[in-house]
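Engineer: Here's a structure for you.
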Amino acid sequence: MLDDLDRRILRLMQAEPDLSGPDLADRAGVTPSRLARRLEKLRESGVLRGVRAQIDWQALGYAVEVSLRITIDKSQPRALDELMQAARDIPEVIEIQTFLGRVDLRLSVIARDMAHYQQIYRDQILTLPHLAEIEALMHVARIKSEESLPL
């Protein structure tokens, strides 16, 4: 279980992920060696999975995001696994989610523009195995996208 120090460290890391180790230790009120031990404990327990760069794909020229809700043909026992594996190989698929219910899968696809999206859709999405039904939802605005947790 997390104690107050663990929560304080994680809150600081979420708020300012580019803090150096010594600065993070100073703000958390611990020595750098104690911080290192706490971070190692958080990694070993699986709470802290790593630190990564968050890249704004729109700043790189990707202006279109489409959510594809997919229902698979369930007549094949490995249909879901095979479709997910093939979808992982499409670089423009930035997220894959599975669901219980009528929709089996949601893919988040980014593209530079609508022509690029149509090319991805025709050449890669429609060739995915075991597709039964696809519904495309064009993203208009992202109202909230928060990865920080209330610690």
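The values are calculated or read from the model by the stated rules, or taken from the named source; none is laboratory data. Predicted model only: the values in this text are computed from it and were never measured. As a convention, Cβ positions derive from the backbone with ideal geometry for all residues, glycine included, and neighbour counts pool all protein chains shown.
Engineer: Quick check on this structure: which one of Leu80, Leu151 is touching a residue at least 60 places away in the same chain (Cβ under 8 Å) and either touching a His at 6+ places or on another chain (Cβ under 7 Å) or not in a strand (DSSP E or B) (or both)?
Structural biologist: Every option except Leu151 fails the conditions.
Engineer: Can you name the number of the only condition in (1) exposed (fewer than 11 other Cβ atoms within 10 Å of the Cβ); (2) among the hydrophobic types (A, V, I, L, M, F, W, C); (3) within 27 Å of Glu16 (Cβ to Cβ); (4) in contact (Cβ under 8 Å) with a residue 12 or more places away in the chain that Ala59 fails?
Structural biologist: The failed condition is (4).
Engineer: Out of the residues in region 29-40 that are touching a residue at least 12 places away in the same chain (Cβ under 8 Å) and part of a helix (DSSP H, G or I), which is surrounded by the fewest Cβ atoms within 10 Å (Cβ to Cβ)?
Structural biologist: Ala36
Engineer: Across region 90-113, which residue is nearest to the chain's Cα centre (by Cα) among those that are closer than 22 Å to Gly61 by Cβ and loosely packed, with under 13 Cβ neighbours inside 10 Å?
Structural biologist: Glu95
Engineer: When you scan region 9-28, do you find a residue that is of a type in the set (Lys, Arg), at pLDDT below 95 and outside any loop (DSSP other than H, G, I, E, B), even just one?
Structural biologist: Yes - at least one qualifying residue is present in region 9-28.
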